[in-house]
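Colleague: Quick one: structure below, then a few questions.
Every number in this text was worked out from the coordinates using simple rules, so none of it is lab data. Predicted model only: the values in this text are computed from it and were never measured. Quick reminder, even Gly has a Cβ in these numbers, built from the backbone with ideal geometry, and neighbours come from all protein chains shown.
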Amino acid sequence: MTLILDINKAKVYFDGIFSEPKLAHPEGIAMGNDGTIYCGTENGDILKIKKDKTGLERLATSKGFILGIATDSDENIFACESFRIEVFRNFRSPNTNSGYQNKVQMQCNQSM
């Protein structure tokens, strides 16, 4: 069997078990154009890990369960939410000129 990752070479990037907000069971990560790391959690938070790794910033919450996230070249953040069975979009990182605020409400596009 070929190992994909030698566990002896793996390092913890950020340990958020005692941070506020708490990094609660992260399900997915995404990297922005500038190297910023974002993650989703089991309690519905979209979090940004501070570049100096001193803490987290809560960008938004769905109060559900974020299964995975992704970013695009325009710094939009997309989140899969299992409780509502939806994909949210239009989060923007604070690095863009988008009028970003900490209390962003998730927006949902549905097509049936």
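Colleague: Relative contact order (percent) for the stretch 25-69, with alpha-carbon contacts under 8 angstrom and 6 or more residues of separation?
Modeller: Relative contact order comes out at 38 percent.
Colleague: Still on this structure: For the stretch 58-87, state which chymotrypsin sites (Phe, Trp or Tyr not before Pro) are in a DSSP loop and have at most 12 other beta carbons lying within 10 Å of their beta carbon.
Modeller: 83
Colleague: Same structure, new question: Which of the aspartates and glutamates could a cross-linker bridge to residue 63, judged by Cα under 19 Å and excluding same-chain residues fewer than eight apart?
Modeller: List returned: 20, 27, 42, 45, 81, 86.
Colleague: While we're here: Within 10 Å of each candidate Cβ there may be at most 10 other Cβ atoms; applying that plus a DSSP loop requirement, which trypsin sites (Lys or Arg not before Pro) in the stretch 1-47 survive?
Modeller: Here the sparse-neighbourhood loop sites are 11.
Colleague: Moving on. Calculate the FRET efficiency for residue 58 and residue 11 from the Cβ-Cβ distance with a Förster distance of 22 Å, rounded to the nearest 0.05.
Modeller: E(calc), rounded to 0.05, equals 0.35.
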